[in-house]
Amino acid sequence: MSLRINSKTLAFPSVESLVSATLPFSTAEDLIERLTTIWCEALMLEECIFVWRNSFTRQGEFSYIDQQHAFVRSTFPGSVSTESLLTSVLSALTESSLDKGTQWHWLELNLDGTTIGYVGIDDAIRVEVPASWLSISAKLLSTALIWEWNLREQKLAALGEYAAGAGHEINNPLAAIQGRTAQLLQNETDPHRQQLLHTIGSQTYRIRDMIGDSMLFAHPPALKLAELNLTQLIETVVHQFLNEFHRREISLWGNRDKNTKVTGDETQLSVVIAELIRNSLNAVEDGGRIEIDCYRENGGGPPGGQLSSDPDKKSVRSSNVLLRIADNGCGFTPEQKQHCFDPFYSGREAGRGLGFGLSKCWRIVTQHHGTLALSETPSGLTEFYVCLPEKFHKN
């Protein structure tokens with residue numbers, strides 16, 4: 001890519017220098033900050049913007065170095081279309097410390113034939129950017145996104161193993177408590193002590209149900225795969241909640257394509273849809289709004305194919321089907337967003353039930369080689385995105 005003005009071409013550092021300046025890194029944000037910084041230094045810029053759509057979370061994301069040399073990273077909703085990605089970033093930056101008079105020129109970061117993101121530089125700065133710099137920058141950005149996602153997946157997988165072990169150890173003494181409580185109730189005549197024993201019994205059953213959920217999270221049942229129309233499945237599940245929608249005067253909106261075929265387990269995907277709808281119903285007030293969209297996304301999927309810690313690993317990309325369930329209810333605190341898929345975290349005190357509902361959804365979706373992500377919009381909508389491949393085969 002050659003862009004010349006005043007016949008001046010900057011001497012870019014070598015690709016080896018770019019890599020050595022960014023690796024090793026401690027966090028994904030650390031890598032992105034280093035990448036943004038070295039671009040500013042190489043082009044002798046005061047401002048520089050990196051923009052990308054995170055293929056795992058569906059959100060748009062951007063980072064920049066401002067005129068005070070501060071690094072800033074932020075996001076915008078996954079509902080923003082790819083076509084309006086760059087416009088949305090500039091709109092989000094209108095209140096920032098970036099120079100309002102800057103006209104931005106966008107350089108494309110391409111990896112394996114797919115656009116990973118863009119680098120924005122001042123349009124008045126015209127330089128020759130080596131193709132190798134763009135290619136390596138795309139790989140480093142992809143590495144950061146995969147690293148961040150894999151950390152979350154590994155954490156949830158570890159929680160699953162803990163849930164399996166803890167559930168097995170707790171079940172034995174719990175069964176003894178339940179049996180002894182039942183024996184004591186048979187011979188107890190005092191009403192007060194009867195009530196105390198009933199309370200003990202009911203709480204042990206509550207623990208049993210929680211253990212059942214944890215065991216399901218750790219070791220879900222095998223998938224019974226079939227070709228499904230996801231839109232028709234959504235309509236079937238929504239019908240179960242129509243009485244509550246009508247009673248509470250909650251409006252239901254959405255755009256759902258008719259031809260949204262996926263390979264999946266009908267029962268388990270029905271659980272995902274029902275749990276996400278139930279989560280939204282718990283969050284919205286009477287008269288609120290819930291949106292359910294379903295559409296086919298061509299050429300989707302994470303950078304480099306399925307989840308992999310190797311950014312150089314290539315795989316065939318297939319089309320995805322996206323399910324979006326959004327509501328205008330109470331949103332998530334930063335802590336809740338961080339832990340919303342954890343099986344032992346509950347946010348009911350804030351009005352939105354978490355706990356095993358969302359973790360169950362995450363487990364089922366990952367079993368289908370898909371992704372589940374949370375996004376929030378400036379207008380106050382909370383959005384959950386389920387991304388499923390149209391076709392996949394069990395390992």
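The values are calculated or read from the model by the stated rules, or taken from the named source; none is laboratory data. These numbers come from a predicted model, not from an experiment. Ideal geometry is used to build each Cβ from the backbone, glycine not excepted, and the neighbour counts take in all protein chains shown. The protein model used for the area step is the full one, side chains on, heavy atoms only, and it has no ligands, DNA or RNA in it. Shrake-Rupley method; radii C 1.70, N 1.55, O 1.52, S 1.80 Å.
Couple of notes before you dig in:
- Residue satisfying condition, being more than 30 Å from Asn110 (Cα to Cα) and surrounded by 13 or more Cβ atoms within 10 Å (Cβ to Cβ), within set Ala163, Ala175: Ala163
- Residues located in region 100-148, provided they are among the basic types (Lys, Arg) and part of a helix (DSSP H, G or I): Lys139
- Taking the criterion of being over 18 Å from His219 (Cα atoms) and open to solvent by 30 Å² or more (accessible area, probe 1.4 Å), the residues of region 366-380 that qualify are Glu376, Pro378, Ser379, Gly380.
- Within region 333-356, the set of residues being over 22 Å from Gln154 (Cβ atoms) and either open to solvent by 20 Å² or more (accessible area, probe 1.4 Å) or modelled with pLDDT of 75 or more (or both) comprises Thr333, Ser346, Arg348, Glu349, Ala350, Gly351.
- Search result, residues across region 206-221 that are among the hydrophobic types (A, V, I, L, M, F, W, C) and in contact (Cβ under 8 Å) with a residue 60 or more places away in the chain: Met210, Leu216, Phe217
- For Glu29: the one exception among (1) part of a helix (DSSP H, G or I); (2) within 30 Å of Val386 (Cα to Cα); (3) open to solvent by less than 30 Å² (accessible area, probe 1.4 Å); (4) at pLDDT 80 or above: (3)
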